[in-house]
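The values are calculated or read from the model by the stated rules, or taken from the named source; none is laboratory data. On a predicted model such as this, the values are computed, not experimentally measured, just so you know. Using ideal geometry, Cβ is built from the backbone for each residue, glycine included, and neighbour counts are taken over all protein chains shown. Heads up: the accessible areas ignore ligands, DNA and RNA and are worked out on the full protein's heavy atoms, side chains in. Shrake-Rupley method; radii C 1.70, N 1.55, O 1.52, S 1.80 Å.
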Amino acid sequence: AEAVGLSDDLIVTACADPAADAAATLANKIGHATAHESLDQLLEQADVDIVMVATPHHVLAGETLRALRAGKHVLAENR
């Protein structure tokens, strides 16, 4: 999210994390983003065009495919 914030062309509009505190903390740090406790909630947002999936390896493929099936562009990062 910090790298996206350095771009003039990209805007972080939403954050999702099963740990509600983590999503809210990042959304508050960004200032204008919404926070969600699930990827599915985030994918429902019409203003989300690109999803950055940064998850542990064992869930990376599943979350990436969910975002793609929702019609989103995906950047995937294995953590």
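If you go through the stretch 50-71, how many residues are touching a Lys or Arg at 6+ places or on another chain (Cβ under 9 Å) and in a loop (DSSP other than H, G, I, E, B)?
Of the residues in the stretch 50-71, 1 are touching a Lys or Arg at 6+ places or on another chain (Cβ under 9 Å) and in a loop (DSSP other than H, G, I, E, B).
Being under 11 Å from the mean Cα position of the chain (by Cα), β-branched (Val, Ile, Thr) and modelled with pLDDT of 95 or more is true for just one of Thr64, Thr13, Thr55. Which residue is that?
One residue alone meets the criteria, Thr64.
With respect to Ala14, is the statement that it is within 15 Å of Lys72 (Cα to Cα), small (Gly, Ala, Ser) and open to solvent by less than 50 Å² (accessible area, probe 1.4 Å) true?
Yes; evaluated as a whole, the condition is true for this residue.
In the stretch 30-79, which residues are within 19 Å of Leu6 (Cα to Cα) and either without any contact (Cβ under 8 Å) to a residue 12 or more places away in the chain or exposed (fewer than 12 other Cβ atoms within 10 Å of the Cβ) (or both)?
Residues satisfying the conditions are Gly31, His32, Glu77.
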